[in-house]
Every structure is written in C-alpha cells, then in structure tokens.
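Derivation of every value follows stated rules applied to the coordinates shown; laboratory data play no part. Remember, it's a predicted structure, so these values are computed and weren't measured experimentally. Ideal geometry is used to build each Cβ from the backbone, glycine not excepted, and the neighbour counts take in all protein chains shown.
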Amino acid sequence: MIKLSSILNKILSENDPKVGTGKKPKGSGRRLYTDEDPTDTVSIKFKTAQDIKDTLSKTSFKSKSHARQSQIINLIHQRVRAAYERAKDSDVKRRLKTALDYAEQRKETSKEKTERLKKQKLNEQKQDIKFKVPKLNYSYTSLQPYIDKETMEEHFDKHFKGYTDKLNAELDEKSIRVNAEDQIQAIQIILGKYSKNNIIRNNGGGFYNHVLYFENMTPDYKAPSTKFKKMLEENFNSFSEFKEQFKEAGLKQFGSGWVFLIQKGNKLVIESYANQDNPYLDKAFKGKIIIAMDVWEHAYYLKHKSQRGNYINDFFRVVDYKVAEDRLKEKSITENVAPNHTGRAAPFNSGYKTVKERTEFGNKFGL
Ligand SMILES: [Fe+2]
C-alpha cells in the first residue's frame, strides 16, 4: 500500500501550490499523515468536480469510517480552496470554482452526518426505562386500625400498579428514553420534561406520588426526632400547628389531590396539588417533597367513608418522620435542571438554590 502522503504529492503537483514550497497549507491533512494508520489511504483527485465525485465514489473511500471520510473530505476541500485562490488562469479558476463548490457541499453533508451520528450515540446511551412498583416495607394489615387491609390491597395493588403500567405503556408508545441513574431520577426528569402529555402527567405523577406516600408510612410510628421537630417548629410555630395546617390543606383540597410537606430552599412549606400533580411538573422544579399524603377518595373511602378529616388524623398515626427527615438529605433535581432541555441526567444537589442556603440550612439543623 502506498502512503496517502506520497499519492497526494504526486497528484497535487499540478495544482497544489504548496508542493515545493516546503510548507503545507495550515492544517492540511496533518491528521491523515500522523494520527491514522499509514496503510489506510485513498488516492484523490480534485481538478474538477467530477474528479472529487469519482474519488468519493470509490469503494476504498466508502469502506472507511465516517470520521476518516470526513478527514479526507476536509483535506480535499482545503486543497481545492488553496488551488482556487492561487490559480491565475481564468479557465482554471472557473473549473476549480466548480470543484470548490462541490467540495463545500460534500463537506456540509459530512458535517450534518457527524451531528446525526452524535445524536444517535447520545440516544443509544439513554435507556428504556420500565418503572416498577417498589417493594412495600410492611404488610397490608400492619397499618391497621388506621389504614385497613382492603384499602391497602386496592390502593397498592390496583391503583398504584395501574398508574405504573399506564406510564410504562405511554413511554413505550412514544419511545421516550432517559439517561438516569435510577427510577426516581428518571421519573423526576420525565415529569419535568413531558408534563404536557396528560397520560404521562397523570400516570407519571401517580407513580411518583404513590412511591413517596407508601414509603412515608410505617406500622412503627415514632415521634419526629428532636432535630426534625425543631425544623417543623421553626417553620410552623409548633409541631401541633404543623399538623393542623397539614390537615387543613387536606380538607380544603377540592376533589382528588395531594398534600405535601415541601422543602423549598431553606424553608418547609405545605402545599396541596390537584389530581396527580406535584412540584416536579411543568418545567419548573418547585421544591422537594418531604411528606406526601394522598387525599384521593380511594386512599380512605373504604374505611373512613366521607370523613377525610378522620383519615388525615389516622395518617398522622402512621406517618414516618424518619423517612421524611432522610428525604431532606436526599439528592433531588435542581430548579434549573428539572426540565433539562437536553434531556440528560441532571446534576443533583439537595434542592437548595445556593450554596449559602444549603450551608445555612445544614448548619442550623446539623444536616
Ligand atoms: Fe392514591
């Protein structure tokens, strides 16, 4: 096999003004000579557009990788341009101009293909995600007498699973893939990015809200730790006032919805959301959920009938403050990244807007 450099020197001798000057045009083919396999060559001509077409139609060219083909096209383009700029004869100049236009067109097409391949590679790195109902850490009967077995069976087995299945079906249908470390990161990204799709909004929200709800209940109720209680007192004047406000938000929520204790920067707030909405939707991360309470009728009607207030009182007998406190330390997507326009996995922090906020909050509560 003859080295490309020697072939080039032969072929380019007529029109390549650099030959014989001891210099090559800046950047011309340097990588071809140094970075690549010296036996991997292709002979090129570029006096006319047809010459270039012939070169780029050769099997020896077509069999090369796209990266290598791009290098060769770029080299041809550089050489034709140099020859064109230096040509004196008007006929030669006209011929080289046609060749140059063609080389530019091929260079542009090659660049577009490079971009396409980059996107394809990025997409391949994203994963198909199948959301799964997490394992319940307690039995269906263990929250009794506050949450009854029948409600648990209906709620966990039917409703929660239903949201999860419908979410998966829609993601399949729309070929939505995400680059995420786990299903919690994935659902946060999906909710931020695809919340205009009502199937994803309702079932994605339904999935995530129920993950949080079932996780933040326990048969082994314990009062909040001194640290967490202090945080609640700081934000709601007293622990009992926190519970009152939480209950009130649940009673006021018209129709189906959720009440959340949310960390917003260095504050804890109580907010209610309709249907399966939550703070991760609509391209604006609006805080991290610390406690989630379902106020859909399916969460309480079998036992509590229309007495939502009684259900909320009972919820406070099974709420897991330890899980809530742990969530304050968990990573969550940032305000900026919730709807990351690239769709890539978001860098995580703890939901604080600034480092100063995090430091203040952390120092105050020893997190
Ligand atoms: Fe529910």
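Some points to look at:
- Greater than 26 Å apart at Cα, pairs in Lys227/Lys247; Lys174/Lys267; Lys158/Lys305; Lys193/Lys303: Lys174/Lys267; Lys193/Lys303
- Burial order of peptide ranges 138-148, 195-205, 83-93 (average beta-carbon count within 10 Å, highest first): 195-205, 138-148, 83-93
- Fully extending the segment from Asp220 to Lys121 would add 30.8 nm, taking 0.36 nm per residue of separation and subtracting the current Cα-Cα distance.
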